Amino acid sequence: MLIGFHGYGETAEDELRRLQAIPGIAHWTAVSIQGLHHFYRRSTNEVVASWMTRQNRELAIADNIIYVQNVVNSLCHDSAVPLILTGFSQGVAMAFRAAGALKQHVTAVIACGGDIPPEVEPNALARIPTVLIGRGVRDEWYTPEKHTADAERLRAAGVVVQSVVIDTGHEWTAEFSEISSRFIVGALRR
């Protein structure tokens, strides 16, 4: 099962399209979870979501973890099923929070264009066997410094890390989908 977390100002459908673009996942169950904090996109009046803001951050994190755990509980009844979490931009933080907090074993995390939140402790990161972290060479939000620091944090927690930089900005590209596909195959062999 692939469970995806969208970026700020996006919808669950946006993340689901990313998951469905990963080659070789046709036999997987792909699930995208919509953030709890909805708002209107000014330019289109479309309802989009975020995972949280600075205001009441700790309460929002707790609500989000309970919400994600309930979704996973309702979908994942077999503990032998591989569970891979993905995130783009703001959704990366939720993927790492969930991976560290879920009752189910997480096989891997795929993270693109976002950093590990500071409150995720090393023992929570150590629950994740392997992680793919990617950034675009022209990404102004997920900087080279953040990317390097995340890789170091993960390795210090004993996580096997694949780190990639691709020729793009702040986006999940077809190239990153291809890299994700190969990463999934490798993660399942571990």
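The values are calculated or read from the model by the stated rules, or taken from the named source; none is laboratory data. From a predicted model like this one, the values you see are computed outputs, not experimental measurements. For neighbour counting, all protein chains shown are included, and Cβ atoms are generated from backbone atoms with ideal geometry for every residue, glycine included.
Out of 109, 185, 160, one residue alone is under 22 Å from residue 1 (Cβ atoms) and surrounded by 21 or more Cβ atoms within 10 Å (Cβ to Cβ). It is 109.
The rows are residues; the columns are (1) in contact (Cβ under 8 Å) with a residue 60 or more places away in the chain; (2) over 17 Å from the mean Cα position of the chain (by Cα); (3) surrounded by fewer than 18 Cβ atoms within 10 Å (Cβ to Cβ).
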{"site": "56", "(1), (2), (3)": "no, yes, yes"}
{"site": "66", "(1), (2), (3)": "no, no, yes"}
{"site": "74", "(1), (2), (3)": "no, yes, yes"}
{"site": "85", "(1), (2), (3)": "yes, no, no"}
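Listed conditions (1) modelled with pLDDT of 95 or more; (2) under 22 Å from residue 36 (Cβ atoms); (3) out of contact with any strand residue (DSSP E or B) (no Cβ under 6 Å at 6 or more places or on another chain) are all met by residue 92, apart from (3). Test residue 126 against the criterion of being under 22 Å from residue 59 (Cα atoms) and either free of Cβ contacts under 8 Å to residues at least 60 places away in the same chain or out of contact with any Gly (no Cβ under 7 Å at 6 or more places or on another chain) (or both), and give yes or no. No: the conditions fail for residue 126. On inspection, residue 120 qualifies as crowded, with 16+ Cβ neighbours inside 10 Å, modelled with pLDDT of 95 or more and hydrophobic (A, V, I, L, M, F, W, C).
Can we say residue 177 is more than 18 Å from residue 18 (Cβ to Cβ) and either surrounded by fewer than 23 Cβ atoms within 10 Å (Cβ to Cβ) or not hydrophobic (A, V, I, L, M, F, W, C) (or both)? Taking the combined requirement at face value, the residue does not satisfy it. The single condition among (1) closer than 20 Å to residue 84 by Cβ; (2) at pLDDT 95 or above; (3) not in a strand (DSSP E or B) that residue 170 does not satisfy is (1). Going through the range 136-157 one residue at a time, which ones are hydroxyl-bearing (Ser, Thr, Tyr) and either assigned to a strand (DSSP E or B) or surrounded by 16 or more Cβ atoms within 10 Å (Cβ to Cβ) (or both)? Result: 142, single match.
Among residues of the range 96-112 that are farther than 12 Å from residue 68 by Cα, those with a beta-carbon under 8 Å from a residue that is among the acidic types (Asp, Glu) and assigned to a helix (DSSP H, G or I) at least six positions away or on a different chain give the pairs 111/150. The residue pairs whose first member lies in the range 1-19 and is more than 14 Å from residue 184 (Cα to Cα), whose second member is of a type in the set (Phe, Trp, Tyr) and in a strand (DSSP E or B), and whose beta carbons are closer than 7 Å, counting only pairs six or more residues apart or on different chains, are 6/88; 7/88; 15/5; 15/88; 18/88.
All conditions but one from (1) part of a loop (DSSP other than H, G, I, E, B); (2) more than 17 Å from residue 94 (Cβ to Cβ); (3) free of Cβ contacts under 8 Å to residues at least 12 places away in the same chain apply to residue 118; the one that does not is (2).
How many residues does the range 95-106 contain that are charged (D, E, K, R), buried (at least 20 other Cβ atoms within 10 Å of the Cβ) and either at pLDDT below 95 or not in a helix (DSSP H, G or I) (or both)? Quick ask: steps written out before the conclusion?
First, pick out the residues of the range 95-106 that are charged (D, E, K, R): 97, 103.
Among the residues that remain, those that are also buried (at least 20 other Cβ atoms within 10 Å of the Cβ) are: 97.
Restricting the remaining residues to those that are either at pLDDT below 95 or not in a helix (DSSP H, G or I) (or both) gives none.
Summing the residues that are charged (D, E, K, R), buried (at least 20 other Cβ atoms within 10 Å of the Cβ) and either at pLDDT below 95 or not in a helix (DSSP H, G or I) (or both) in the range 95-106 gives 0.
I'd like to check something: does the range 25-43 contain any residue that is surrounded by 15 or more Cβ atoms within 10 Å (Cβ to Cβ) and without any contact (Cβ under 8 Å) to a residue 24 or more places away in the chain? Yes, some residue in the range 25-43 is surrounded by 15 or more Cβ atoms within 10 Å (Cβ to Cβ) and without any contact (Cβ under 8 Å) to a residue 24 or more places away in the chain.
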